[in-house]
Amino acid sequence: MERIKEAVLRARAKRAEAEEKAETETSGGQIDSLSDSSATPAGQGPLAVTKAVQNDTTEAGVQAGEASVGNVPSTMAATQALEATSVAEIKYKQTRVVHLNPQHLERNRIISFSKSDARTISFDRLRTQVLRTMRDYGWRTLAITSPTGGCGKTTVALNLALSIAHQTEQTVLLADFDLRDPQIAEYLGLPEAASLVDYLNGDIPLSQVFVNPGIPRLTLLPNHKAVLNATETLMTKKMQNMVVDIRNRYESRMVIFDLPPLLTTDDALAFLPQVDCVLLVVASGQTSKSEVKDSVRLLQNNYVLGSVLNKADEGLVNNI
């Protein structure tokens, strides 16, 4: 077993050195301890949006450790155990690290930042069901949208990403693709710096845009500047190549895209073919039945992971 571990560690050290060199030359990457991987084919089998119900409280995740078959350790299992350990011990060498203000997060309803907050259970339940379904179908990219503005999709995206990052075997990248009204940086209180738009304009490499908010396994792709020709920008070849790159760079990574509302522009519809599945956020007492029907109709050619009823008296409700 020790020889297996030593061999795996040597191989991983060589890969890490190669990745660091490659990321300096290309778009840049933010996690030096994980290996590149090829794309995972999307699974088949659409899921329908149905009536929202409360979820069970099952938590996902298996502790990293030594796995074996019978009394003989498995080489593959040992490798996977070491991979899981490395995910838990990520150190950011190239990505800009910004520590967040808990009071600012509280004012913007970002509650999953702290695991000691009992209110996070709603997002932990959502996380468990999202990860379970996406793993079952081999999905790794998730778009979060809403029928109209003000439903809380960005708040849900942020809290979900934070909850996922608390799992030691999963990394997550949250990208602000609501180009007309970017809000992730504002909600988190990130200081204005390099932005997604700067990369798309060719001013900076992508590596300068990535931000780690002081939480292991979470990377942000923020945007500080509104884009007027958002639909056209989301459909450019450069954008498409970037999506493929950030999706496939690390095997353990899940990518969440905070997209614009469905019924106000065609931005989300233009981008959705590039993602595996969609989560629809609706607001209790705000979103009308007709808006939900119109949104579901627009999403009929996409895999709908489920819907989330936000701003409900009983807390976050979802039907995944």
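General observations
- With the simple spin-label model, which puts each label point 7 Å out from Cα in the Cβ direction, the S288 to D203 separation comes to 4.0 nm.
- Placed amide H near M254: partners under 5 Å, 5+ positions off or other chain: T171, V172, L173
- For the range 160-201, there are no residues whose amide N sits under 14 Å from a probe point set 7 Å from the Cα of H99 along the beta carbon direction.
- 5 angstrom amide H check on V308, placed H, neighbours 5+ away: L280, V281, V282
- One Cα centroid belongs to the range 94-160, the other to the range 196-210; the line between them spans 24 Å.
- When the C-alpha to C-alpha distance is required to be over 24 Å, the pairs from K153/K289; K225/K289; K153/K225; K115/K311 that qualify are K225/K289.
- Cα-based radius of gyration of the range 92-189 once divided by 2.2 N^0.38 Å, which approximates compact folds: 1.10
- Evaluating 6.51 cos²θ - 1.76 cosθ + 1.60 at θ = phi - 60° for every residue in the range 115-128, the Karplus couplings come out as 6, 7, 7, 5, 5, 6, 4, 4, 6, 5, 5, 4, 4, 4 Hz, glycine and proline recorded as x.
- The range 218-231 - phi-based ³J(HN,Hα) in whole Hz, Karplus 6.51/-1.76/1.60, Gly and Pro as x: 10, 10, 10, 10, x, 9, 9, 10, 6, 10, 6, 8, 5, 4
- Share of pairwise Cα separations in the range 194-256, more than 16 Å, in percent: 50
- Taken one residue at a time, the phi angles of the range 297-312 give Karplus couplings (6.51, -1.76, 1.60, θ = phi - 60°) of 4, 5, 9, 5, 9, 10, 7, 8, 5, x, 10, 10, 8, 8, 6, 7 Hz. Gly and Pro are set to x.
Throughout, read-outs are computed from the coordinates displayed, never taken from laboratory work. Fair warning: this is a prediction, and the values are worked out from it, not measured in the lab. Quick reminder, even Gly has a Cβ in these numbers, built from the backbone with ideal geometry, and neighbours come from all protein chains shown.
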